[in-house]
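Participant: Quick one: this structure, given as structure tokens, is what I'll be asking you about.
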Amino acid sequence: MSFKQATASAPVNIACIKYWGKRDQSLILPSNSSLSVTLSQDHLCSTTTSRTCAAYEENLLWLNGKQVKIDEDKRLSTCLRAMRKQREQFETTHPNEPKISQWKVHICSENNFPTAAGLASSASGFAALVYSLANLYDLPVSQPTDRSELSLSARQGSGSACRSLFGGFVEWQMGKDDHHGSDSRAVQVADHTFWPEMHALICIVSDDKKGTSSTAGMQRTVETSALFQYRIQHVEEQLADIKKAILAKDFDAFAAITMRDSNQFHAVALDTDPPIFYMNDVSRAIIAVVTEYNRVSISAGGKLKAAYTFDAGPNAVIYAPEENMKEIISMIIQYFPQTEPFKDPFLNEVLEGGVVPGFNTAVAKPHEVGAVKGLIHTCIGDGPRILGDEQALFDSQGNPRLGQ
């Protein structure tokens, strides 16, 4: 039985300037441009194997072990259709190549982190899907312009997925083509080697599926929030400012803009009718702790040392220069004790709870063990990777390697 397969992994990205709201639902055209940091795949990634065979009778996906019929899922089928169209064009210009664009596909995908819990699982998932299909279909991927072109297809699966097609710092340009969305694509602002000192601590407050999905939430916001209209009028200015901060490696400016945009995003969610509560008491306590940590630095004549941001969920991401991470992790452990001792992967030591001198411990109450279910210390990372058959998620017979 003749078959062809390709495996790829793709990273998580966490936005500093949030994407929230669509001006076109079907094309997934955003109401504003956005910017994100790509995190290391060594700690957070989606892996996808795409396999095609003339004998396959239907398009199927296995996501973390659960089977889904692709043709019954609008976002998956739209994404697959866009990639097939590119393969058809390739076959037209390469007539000796096999006509695999007409074959059905089987796809197996898994995440090494909680799905749908505010950790951008759809972004890395659709980026891995598009990148594996691009390699399955022999489409160009080596140049930044190639990946930017691929981001058009990834965007149709999940808007923020377009940003996971690059490493480093990535902008999703909203574009102006409202008819086809041909210019709503991802571009790289700086690669992952440009500012390697940038690290991130992910505080997993909940690994449950969120109550209001991003898709449903942003549509309600567009329809009902007056603050949303204010935000989209001013977000481009913040985007320009944070790009300047990144290129200057100015963490103080980067942190101020990142935290301000996160606050504005969640204010807009609260201004939605009915209001959307993505953060919880633990999330707000993390904000208080990071804010006090920064106050201590500023009062001593220093600058901002950490930046919190929250996507559409309660989990916190704290950006900071690597040199500050030990203090930050100790502070989080002090207020949110862990079930198991936390061994830092970069320092290679178990960290204890504690706060810096001058810290006002009354800014938040210590929480019970497990309020923050886990910590992930990671760093800025690269874009999608092509993996060998030894890492494929199908066995030699085409069966998913579930739980292996």
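Participant: Which of the following residues is surrounded by 24 or more Cβ atoms within 10 Å (Cβ to Cβ), assigned to a helix (DSSP H, G or I), over 19 Å from the mean Cα position of the chain (by Cα) and not charged (D, E, K, R): L133, L150, L129?
Facilitator: None of the others qualify; the one that does is L133.
Participant: A further question follows. Any chance you could count how many residues in segment 247-283 are touching a residue at least 12 places away in the same chain (Cβ under 8 Å) and among the acidic types (D, E)?
Facilitator: The number of residues fulfilling the criteria is 4.
Participant: Tell me, which strands (runs of 3 or more DSSP E) lie completely within segment 56-118 with 2 or more residues that are more than 21 Å from the chain's Cα centre (by Cα) and of a type outside the set (A, V, I, L, M)?
Facilitator: 66-69, 104-111
Participant: Hey, could you check segment 39-54 for residues that are of a type in the set (G, A, S) and under 22 Å from K66 (Cα atoms) and say which is modelled with the lowest pLDDT?
Facilitator: Step by step, filter segment 39-54, then rank; the result is S46.
Participant: Follow-up. Go through segment 51-81 and give me each residue that's small (G, A, S) and either free of Cβ contacts under 8 Å to residues at least 40 places away in the same chain or under 24 Å from S26 (Cβ atoms) (or both).
Facilitator: Answer for segment 51-81, where residues must be small (G, A, S) and either free of Cβ contacts under 8 Å to residues at least 40 places away in the same chain or under 24 Å from S26 (Cβ atoms) (or both): just S77.
So that you can scan it fast, the table gives a plain yes or no per residue for (1) of a type outside the set (K, R); (2) out of contact with any His (no Cβ under 7 Å at 6 or more places or on another chain); (3) closer than 22 Å to Q173 by Cα:
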{"site": "K4", "(1), (2), (3)": "no, yes, no"}
{"site": "N32", "(1), (2), (3)": "yes, yes, yes"}
{"site": "E57", "(1), (2), (3)": "yes, yes, no"}
{"site": "Q67", "(1), (2), (3)": "yes, yes, no"}
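Participant: When the residues of segment 362-404 are narrowed to those that are among the charged types (D, E, K, R) and closer than 22 Å to F342 by Cα, which ends up surrounded by the fewest Cβ atoms within 10 Å (Cβ to Cβ)?
Facilitator: E368
Participant: Now, a different point. Do you know which of the residues in segment 55-68 that are in contact with a helix residue (DSSP H, G or I) (Cβ under 9 Å, 6 or more places away or on another chain) and modelled with pLDDT under 95 is nearest to Q391 (Cα to Cα)?
Facilitator: Top of the filtered list is L63.
Participant: When the residues of segment 30-47 are narrowed to those that are of a type in the set (A, V, I, L, M, F, W, C) and open to solvent by less than 10 Å² (accessible area, probe 1.4 Å), which ends up farthest from V12 (Cα to Cα)?
Facilitator: L35
Participant: Moving to a separate point now. Just one of S184, S225, S206 is under 21 Å from the mean Cα position of the chain (by Cα), open to solvent by less than 50 Å² (accessible area, probe 1.4 Å), of a type outside the set (A, V, I, L, M) and modelled with pLDDT of 95 or more; which is it?
Facilitator: After ruling out the rest, the residue left standing is S184.
Participant: If you go through segment 1-27, how many residues are of a type in the set (G, A, S), open to solvent by less than 10 Å² (accessible area, probe 1.4 Å) and not in a strand (DSSP E or B)?
Facilitator: 1
Participant: How many residues does segment 300-311 hold that are open to solvent by 10 Å² or more (accessible area, probe 1.4 Å) and either in a loop (DSSP other than H, G, I, E, B) or among the aliphatic types (A, V, I, L, M) (or both)?
Facilitator: Matching residues across segment 300-311 total 7.
Participant: Can you work out which of the residues in segment 349-361 that are of a type outside the set (S, T, N, Q) and either free of Cβ contacts under 8 Å to residues at least 24 places away in the same chain or open to solvent by 70 Å² or more (accessible area, probe 1.4 Å) (or both) is farthest from T38 (Cα to Cα)?
Facilitator: Going through the qualifying residues, I end up with P357.
Participant: Follow-up question, since we're still on this one. With the checklist (1) touching a Gly at 6+ places or on another chain (Cβ under 7 Å); (2) crowded, with 22+ Cβ neighbours inside 10 Å; (3) over 23 Å from A362 (Cα atoms) in hand, flag the one item Y278 doesn't pass.
Facilitator: Of (1) touching a Gly at 6+ places or on another chain (Cβ under 7 Å); (2) crowded, with 22+ Cβ neighbours inside 10 Å; (3) over 23 Å from A362 (Cα atoms), only one is false for Y278: (2).
Participant: Among E292, E322, E327, which is the only one that is touching a residue at least 24 places away in the same chain (Cβ under 8 Å) and in contact with a strand residue (DSSP E or B) (Cβ under 6 Å, 6 or more places away or on another chain)?
Facilitator: E322
Participant: A further question follows. Surrounded by 21 or more Cβ atoms within 10 Å (Cβ to Cβ) and among the hydroxyl-bearing types (S, T, Y): does that describe T92?
Facilitator: no
Participant: Right, next: May I ask you to list the residues in segment 314-348 that are open to solvent by less than 70 Å² (accessible area, probe 1.4 Å) and in a strand (DSSP E or B)?
Facilitator: Result: A316, V317, I318, Y319, A320, P321, F342, D344.
The values are calculated or read from the model by the stated rules, or taken from the named source; none is laboratory data. Just so it is clear, the model here is predicted, and its values are computed rather than measured. In this analysis, Cβ positions are derived from the backbone assuming ideal geometry, glycine residues included, and neighbour counts consider all displayed protein chains. With ligands, DNA and RNA removed, areas are computed over all heavy atoms of the protein, side chains included. Shrake-Rupley method; radii C 1.70, N 1.55, O 1.52, S 1.80 Å.
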